[in-house]
1. Let me check against my output: what whole-number percent is the relative contact order of the stretch B:161-230, with C-alpha pairs under 8 Å and at least 6 apart?
2. Going by accessible area, probe 1.4 Å, with all protein chains left in place, what is the ranking of B:Asp85, A:Asp41, A:Asp237, largest first?
3. Take the Cα atoms of chain A, build their convex hull, and give its volume per residue in Å³.
4. In degrees, nearest 10, range 0 to 90: what is the angle between the Cα axis of helix A:125-135 and the longest Cα principal axis of chain A?
5. Looking at the protein assembly as shown, send over the antiparallel percent of its DSSP beta bridges, to the nearest 5.
6. Once ligands and nucleic acids are excluded and a 1.4 Å probe is used, how much of A:Val201 is accessible, expressed in Å² to the nearest 10?
7. Assuming R0 = 45 Å, can you tell me the calculated FRET efficiency for the pair A:Val294 and B:Lys306, based on Cβ-Cβ distance, to the nearest 0.05?
8. Separation between the B:Gln208 and A:Leu285 pseudo-spin-labels, each 7 Å from Cα along Cα→Cβ, expressed in nm?
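The values are calculated or read from the model by the stated rules, or taken from the named source; none is laboratory data. Owing to the predicted nature of the structure, the values given are computational and were not obtained by experimental measurement. Note that we place each Cβ from the backbone using ideal geometry, even for glycine, and neighbour counts take in every protein chain shown. Keep in mind that these areas ignore ligands, DNA and RNA; they rest on the heavy atoms of the full protein, side chains included. Shrake-Rupley method; radii C 1.70, N 1.55, O 1.52, S 1.80 Å.
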Amino acid sequence: MTDDKTMLDRHVLLQLKHLKKYFPVSSGWLRKVTGHVKAVDDITLDIRKGETLGVVGESGCGKSTLGKSLLRLHKPTSGELLLRCDDGEFHDLLSLPKKESFKTRRRIQMIFQDPYASFDPMKNIHNAFDEPMRIHGLGSKSERTEKIAQALKTVNLQPDYMYRYPHEFSGGQRQRICIAKALALDPELIVCDEPVSALDVSIQAQILNLMRRLQNEFNLTFVFIAHDLSVVQYMSDRIAVMYLGKVVEIADSVCLYDRQLHPYTQALLSAVPIPKVGARKDRILLKGDVPSPVNPPSGCRFHPRCRFCMDICTKEEPPLRGMKGNEGHKVACFLHTEQQISE
Amino acid sequence: MEKDYILQVKNLETRFKIGKKTVHAVNDVSFNLRRGTTLGVVGESGCGKSVTALSIMQLLPKAAHIEGGQVLYTPSPEQTLNLTDFKRNSKELRSIRGKDIAMIFQDSLSSLDPVYSIGWQIMENLRMHEKLSKKEAKEKIIRMLGELGIPSPEDRFKSYPFEFSGGMKQRVMIAIGMICNPNILIADEPTTALDVTIQAQILALIKQMQQEHGTSVILITHNMGIVAEICDEVAVMYMGRVVEFGSLLQIFENPHHPYTKALLKSVPVLGMGKDTELESIEGTTPDASTVFKGCEFEPRCPFAMKKCTEEHPMVCEIEEGHEVRCWLYEEKCKDDRR
């Protein structure tokens with residue numbers, strides 16, 4: 001058992017420990033802080049090398065904030081972000097000295113949702129690519145240009161496109177350029193925040209296939225954030241389901257599809273329309289909307305919309321624990337307390 | 001048979017004049033909507049599906065005009081109106097819009113007026129078409145809001161759009177559309193801005209409304225999953241043309257046009273797993289102002305032949321009610337609908 005665990009640990013690239021990101025809400029004349037939006041609330045998980053971790057949830061559940069916290073685009077309120085560094089040891093990115101911390105930034109890159117907003121319209125592609133490479137001191141000027149050409153080639157674009165401006169490209173091409181831009185810095189982890197939701201279906205498939213190919217080629221690790229469950233399921237090895245800032249269930253992607261344990265995951269999966277005639281199953285319709293993250297419900301955050309709500313759910317918060325026999329499948333729900341591994 | 005159709009669109013052509021360019025947004029589009037059924041119009045962005053809907057209602061922007069074709073609306077077996085005969089702001093058309101044919105728009109946030117209460121906005125449509133006192137109208141609206149699952153409708157009647165969530169606003173949009181009990185409801189991407197769980201609620205609601213009131217629905221979407229779930233017939237559009245039209249089964253089980261086939265294979269389906277690869281359509285959708293001598297899909301089509309670049313494909317009938325615009329099925333072409 002311990003051997004298994006150390007084996008697993010060896011593959012872990014990034015560990016999140018009790019990561020929290022609260023945004024202050026201020027009101028009144030003096031702009032006093034009156035509350036906090038708990039966008040990411042106490043998340044603990046591992047990201048393994050070479051895997052794709054899918055993160056799904058409805059809008060406002062904190063999935064994008066989680067992604068941005070990994071890059072420290074938002075400074076997490078508390079918690080630890082442990083990255084395996086070159087020496088093989090884990091270092092907490094949030095407490096590293098500034099110089100050290102800067103060196104690690106290159107290793108985690110991001111692809112954003114809107115390929116139209118991710119480029120400065122005044123800069124051509126070469127300038128946009130060159131800036132981060134120059135800042136990180138990657139090679140001489142000619143080496144960098146060579147590298148940019150290489151990056152563009154890997155995403156099936158012609159290298160001479162680098163002297164064009166963003167407006168000359170279509171949405172699909174721009175998203176390819178975004179991917180190339182992230183690749184140019186030789187990252188290990190790429191956080192993809194809804195990379196295909198702004199694209200048309202026919203383009204979407206091109207980008208998804210490209211991302212999968214690149215992952216195999218460069219041994220990349222992806223954190224794939226999306227609201228479209230069928231896309232996430234297609235891309236991911238493991239999936240984390242988020243609801244109001246918490247991970248409610250995390251499991252192997254096949255396992256999650258076969259057997260969802262959390263009532264929210266069940267509802268989420270059953271709500272996805274399937275493009276096959278007669279594929280419709282009995283749908284679990286959730287009542288109401290996602291509550292406000294400023295004042296989340298007490299106890300289990302899903303209890304006001306849950307079909308199986310019990311007394312305990314309104315009072316206590318269920319812990320995220322692995323299932324007996326399948327430690328990798330973790331769920332935060334009191335329905336499964338008996339089958340769960342006790343801490 | 002003809003009387004079975006509540007709406008027939010025949011050879012509709014809509015053009016946009018942008019500077020010196022003319023964009024052929026809708027090209028020779030024909031389809032029929034059967035009474036009490038749901039027709040799905042699918043296609044990617046820029047394929048003209050929304051403009052088709054707007055052309056039916058003549059809600060087009062100033063730069064656009066309908067160049068040809070007919071929109072035949074048959075409210076009762078004795079009466080058929082050609083909507084394209086009316087001027088866009090004529091009295092006749094205004095009495096049809098909102099009353100007989102209603103529309104739900106994609107973006108409920110920008111479709112609702114932020115300075116009026118939602119009750120006022122629903123009342124506006126209702127009192128325009130029906131002679132009701134304010135009190136009666138209010139009662140009717142509150143009943144409607146209750147039916148749509150808005151909690152405590154009496155209080156919500158006076159609320160403003162900013163006080164509602166996205167799903168609730170879309171319910172208000174449905175209330176505005178359905179309050180006059182229209183014969184046809186055109187829903188333009190009604191759930192695109194919403195989360196999946198809310199989307200499921202809204203789709204269930206549209207279906208419930210349809211069953212209760214016998215409304216015919218035109219559902220415009222890009223999501224094949226939604227089509228498979230609630231439509232009876234499907235029109236697939238590409239670059240301003242209907243490339244394939246048929247019943248749900250015909251389109252999903254037996255697609256003929258290369259574009260429809262590719263479209264169905266390029267979306268990931270839940271439970272697909274990581275081993276299967278998606279089939280993607282090469283290239284990108286051409287600019288809308290490009291004029292093609294031949295088939296619009298030819299540059300991206302894996303089966304393209306010489307003839308495809310030279311002549312527009314004719315409508316070919318595969319089975320009864322299943323039509324394809326593709327040269328691959330030339331032997332089944334109908335000569336009269338060139």
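1. Computed value for the stretch B:161-230: 37 percent relative contact order.
2. Per-residue accessible area, sorted high to low, gives B:Asp85, A:Asp237, A:Asp41.
3. In chain A, the Cα convex hull volume per residue is 173 Å³.
4. Once rounded, one gets 80 degrees.
5. 65 percent
6. 20 Å²
7. FRET efficiency, A:Val294 to B:Lys306: 0.10.
8. 0.4 nm
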